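Structure first, then comments.
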Amino acid sequence: MEEHSLDQVNLSAWEGRTETREGVIAPAQAAQIHATIGDPAQEVPKTGEAMPPLWHWCAFPPVCPLDDLAADGHPKLGGFLPPVSLGRRMWAGGQLRFGAPLRVGVPFGCRSTIAGVTEKEGKTGRMVFVSVDHELSAEGAVVIEERQDIVYLDLPTEFRPPAKQPMPEETVGRWTQPVNEALLFRFSAITFNAHRIHYDLPYASEVEHYPGLVVHGPMQAAWLMRAATEVTGRAPDSFTFRGVHPMLLIPGESEDMTIAACASEEARGLTLHTGQAGHRCMQATATWEETT
């Protein structure tokens, strides 16, 4: 893809912007998160106990008045994030490095910085990529370093998914993950995410032209993190993920999704995938600094 310079001067003005926030996962909130994406074989972490990786995504919800939501349910742009004039917004992927675990009931802070704004021309038209760096600190130390990649696209006139990639055959672990409307609602609720593609089927199908409700990318990442931890017995030190095909809850079709973990000597860890109908939806790499 070639770089596209239209409006780049205006968008690049957002690079380097920062914001700081304070968050905490209270015990009642931990119970809600556990009931939605937690390992059912484990107890709910209590006050002072370590919480599983990625639960910090529930600590900084996009709180804004209803009048400040855009038509898609996201907060209107032009504050911290740049005002990209494209109708579809997606969390495309990210990468994280973990230090000490965050603990239930213990406050932590997050400093976020717009690391880059890049405009490109792809097969489906104009795309804008926004990279955001997050540094989370607790009890006087940095505990998570995260890069979040957001992509903006034009609203399509029809569903044009990327090419399907088959799920791997040789795995060290494989799980079935039931998905239904209640699960999508709960994950939207614990992250305070009002994006309508996850719960409003008429909007998802008639406006954004998906054939069903869209399963949250961050929830799929949480499944993969849980799988990596189950295979090795401890959470990874670093974790990268990206979506390769939307996972969809389509009326009348199977609600069971697949999670697969594969050994990876090259990555010194695991490659992991969520899948639907035999093809990949999200892929991730989990690595450990020491042999597990």
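The values are calculated or read from the model by the stated rules, or taken from the named source; none is laboratory data. Here the structure is a predicted model, which means the values were calculated and not measured. With ideal geometry, Cβ positions are generated from the backbone for all residues, glycine too; neighbour counts draw on all protein chains shown.
Okay, here's what the table says:
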| item | result |
| --- | --- |
| Complete set of residues in region 115-136 that are of a type in the set (V, I, T) and modelled with pLDDT under 95 | V117, T118, T124, V128, V130 |
| Strands (runs of 3 or more DSSP E) fully within region 71-160 counting 2 or more residues that are free of Cβ contacts under 8 Å to residues at least 24 places away in the same chain and under 21 Å from the mean Cα position of the chain (by Cα) | 125-138 |
| Count of residues meeting criterion [surrounded by 12 or more Cβ atoms within 10 Å (Cβ to Cβ) and either free of Cβ contacts under 8 Å to residues at least 12 places away in the same chain or not β-branched (V, I, T) (or both)] in region 11-41 | 19 |
| Single condition L248 does not satisfy, out of (1) surrounded by fewer than 17 Cβ atoms within 10 Å (Cβ to Cβ); (2) more than 14 Å from the chain's Cα centre (by Cα) | (1) |
| Yes/no for R97 being more than 22 Å from Q177 (Cα to Cα), surrounded by 13 or more Cβ atoms within 10 Å (Cβ to Cβ) and modelled with pLDDT under 90 | no |
| Complete set of residues in region 161-187 that are surrounded by 17 or more Cβ atoms within 10 Å (Cβ to Cβ) and not in a helix (DSSP H, G or I) | M167, T171, Q177, V179 |
| Members of region 204-228 found to be touching a residue at least 24 places away in the same chain (Cβ under 8 Å) and under 17 Å from D72 (Cα atoms), listed by number | V207, E208, H209, Y210, P211, G212, L213, V214, V215, H216, G217 |
| Residue identified as closer than 20 Å to D149 by Cβ, at pLDDT 95 or above, among the β-branched types (V, I, T) and crowded, with 18+ Cβ neighbours inside 10 Å among I197, I190 | I197 |
| Test result for A261, crowded, with 21+ Cβ neighbours inside 10 Å, among the aliphatic types (A, V, I, L, M) and within 28 Å of G99 (Cα to Cα) | yes |
| T287 vs. criteria hydroxyl-bearing (S, T, Y) and closer than 21 Å to I144 by Cα | yes |
